[in-house]
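Below is one structure; the comments refer to it alone.
The values are calculated or read from the model by the stated rules, or taken from the named source; none is laboratory data. The structure presented is a predicted model; accordingly, all values stated were derived computationally and were not measured. Don't worry about glycine lacking a Cβ; one is built from the backbone with ideal geometry, like all the others, and counts go over all protein chains shown. Ligands, DNA and RNA are stripped out before the accessible areas are found, and what is left, the full protein with its side chains, is counted by its heavy atoms. Shrake-Rupley method; radii C 1.70, N 1.55, O 1.52, S 1.80 Å.
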Amino acid sequence: MQIHQSTTVQMKEGALVVPNHITVPYIEGDGIGHEITEVALTVLDAAISFAYGKAKSIVWKEVLAGQKAFDRVGTYLPDETLENITASKIAIKGPLATAVGKGMRSLNVALRQQLDLYVCLRPVRYFTGVPSPVKNPQLVDMVVFRENTEDIYAGIEWKSGTEEVRKVITFLSQEMNVKNIRFPKTSAIGIKPVSEDGSKRLIKAAIDYALYHNRSSVTLVHKGNIMKFTEGGFRSWGYELARDDYGATQNVKGVWEISRGTNPPLIIKDCICDAFLQNILVKAADYDVIATLNLNGDYVSDALAAQVGGIGIAPGANINYSTGMAIFEATHGTAPDIAGKNMANPLSMILSGEMLLRYIRWNEAADLLISCIEKTIADGYVTADFYHLMQQDGHEATLLGTREFSQHLVRTMGKPL
Ligand code: NAD
């Protein structure tokens, strides 16, 4: 089925144009994907309907990827799927399995690279009642902008013992005068590209987000003390961008800030990644919007997610703010150990949908969804992942399956809060 332009989100003169009735492709996902995607779409429909009646709607159009695609059309990522997502600008996806050792590329990485989704966006906040390993999880309220296309994750590496790695090591030692490859005969080599263009477009997205959402600070998280040109470059380009494109100046204490007229300025600061991982445990309230490189971002977003309840509740999106293209996704995997058992927590998928609603500025539906999730968890209605931890902590809770939890959310939406 071709998607008709008038029902899709478009990008015009740098801004998203969103019709009231839109078609959005979804990838169901492998493993628990089927269970959590189905209920998430139902919950999102309910939020839109309660917020706008018949004035706005989403038609969800399934596009194939993963095992389901392979079983139906013999390929894991059909061209038609990419064409549909490209035409629609936005999509939502469940987790996809990556077969280990079968030479199949990660479908998630393929989607990010082919659509140049350079921002991995992960908001991390606490919902009262969610079991947490830290004393004050409510202090965590951060939005992580992780660079998605560069760094050591670009996949430029050579295996130890191969002809290719020998060539690279010979080039480095003979032509670049590199003396510190400790074991040249048995080394594997990886390359870490970090560019001014790639860093600045990511940091610009973080600053624009912070200004639009009136957040207090943007912290550049890096390891520039050791990797001076790559991670150090990221830090320097960040301050340069803030100064040259946003008019940031240093205040009397030497802190960089972007003026917001009568409102408090947006603070631009930086932190070394290892210190940052300590600080989020001991002074989480000091941080707000985070801009960081690919590998740091991977560690940082999982560490933060653990502080507020773990992967069952961690949403995400991969976005290109220039083209408007965005894929919203649960950040966890396919959870094969609980697949098909109606046990999975659908919140990561539902909250990814909430991010989608906010991205297209359907904020009333997004707000309704958040208040219902807050109430449902505060009332102790949870899935198995939270239930067992709450029991251990001596808190009362009601155990619900994936479907029943989602039905409870929809019922909550229908009642005045
Ligand atoms: P996983 O995230 O699937 O599971 C890790 C643990 O978390 C398991 O115990 C699982 O039961 C639990 N868990 C995950 N999601 C849950 C939820 N919604 N509710 C309750 N519990 C949940 O990680 P894994 O086992 O390492 O990976 C399985 C597969 O998923 C692999 O093929 C991997 O490549 C893939 N994967 C995909 C994505 C993605 O599509 N974005 C991300 C990570 C892993």
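Figures for the structure shown
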item: Selection status of Ala40, within 15 Å of the ligand (Cβ to nearest atom) and farther than 23 Å from Gly401 by Cβ; result: no
item: Residues (surrounded by 14 or more Cβ atoms within 10 Å (Cβ to Cβ), within 19 Å of Cys271 (Cα to Cα) and of a type in the set (A, V, I, L, M, F, W, C)) located in region 172-228; result: Val194, Leu202, Ile203, Ala205, Ala206, Ile207, Ala210, Val218, Leu220, Val221, Met227
item: Odd one out for Gln250, checked against (1) open to solvent by 50 Å² or more (accessible area, probe 1.4 Å); (2) touching a Lys or Arg at 6+ places or on another chain (Cβ under 6 Å); result: (2)
item: Looking only at region 328-364, and only at residues there that are among the β-branched types (Val, Ile, Thr) and under 17 Å from His34 (Cα atoms), the one that is farthest from the chain's Cα centre (by Cα); result: Ile338
item: Test result for Arg403, surrounded by fewer than 16 Cβ atoms within 10 Å (Cβ to Cβ), among the charged types (D, E, K, R) and within 14 Å of the ligand (Cβ to nearest atom); result: yes
item: Check on Phe127, among the hydrophobic types (A, V, I, L, M, F, W, C) and more than 20 Å from Ile311 (Cβ to Cβ); result: no
item: Residues that are in a loop (DSSP other than H, G, I, E, B), under 22 Å from Ala206 (Cβ atoms) and within 16 Å of the ligand (Cβ to nearest atom), drawn from region 320-336; result: Thr331
item: Among (1) open to solvent by 60 Å² or more (accessible area, probe 1.4 Å); (2) in contact (Cβ under 8 Å) with a residue 24 or more places away in the chain; (3) within 12 Å of the ligand (Cβ to nearest atom) - the single one Gln113 does not satisfy; result: (3)
item: Matching residues, region 337-351, being near the ligand (Cβ under 6 Å from one of its atoms) and either over 16 Å from Phe386 (Cα atoms) or buried (at least 24 other Cβ atoms within 10 Å of the Cβ) (or both); result: Asp337, Ala344, Asn345, Ser348
item: Selection status of Gly380, touching a helix residue (DSSP H, G or I) at 6+ places or on another chain (Cβ under 9 Å), surrounded by fewer than 20 Cβ atoms within 10 Å (Cβ to Cβ) and either at pLDDT below 95 or aromatic (Phe, Trp, Tyr) (or both); result: yes
item: Candidates Ile290, Ile268 - the one that is open to solvent by less than 50 Å² (accessible area, probe 1.4 Å), within 30 Å of Glu374 (Cα to Cα) and at pLDDT 95 or above; result: Ile290
item: Test result for Asp244, among the acidic types (Asp, Glu) and in contact (Cβ under 8 Å) with a residue 60 or more places away in the chain; result: no
item: Among (1) surrounded by 13 or more Cβ atoms within 10 Å (Cβ to Cβ); (2) in a helix (DSSP H, G or I); (3) not charged (D, E, K, R) - the single one Gln278 does not satisfy; result: (1)
item: Residue list for region 353-399, restricted to those being assigned to a loop (DSSP other than H, G, I, E, B) and touching a strand residue (DSSP E or B) at 6+ places or on another chain (Cβ under 7 Å); result: Ile360, Gly380, Ala397
item: Among the candidates Ala46, Ala51, Ala55, residue that is surrounded by fewer than 18 Cβ atoms within 10 Å (Cβ to Cβ), at pLDDT 95 or above and either of a type outside the set (Val, Ile, Thr) or in a helix (DSSP H, G or I) (or both); result: Ala55
item: Yes/no for Gly316 being open to solvent by 10 Å² or more (accessible area, probe 1.4 Å), within 16 Å of the ligand (Cβ to nearest atom) and touching a residue at least 40 places away in the same chain (Cβ under 8 Å); result: no
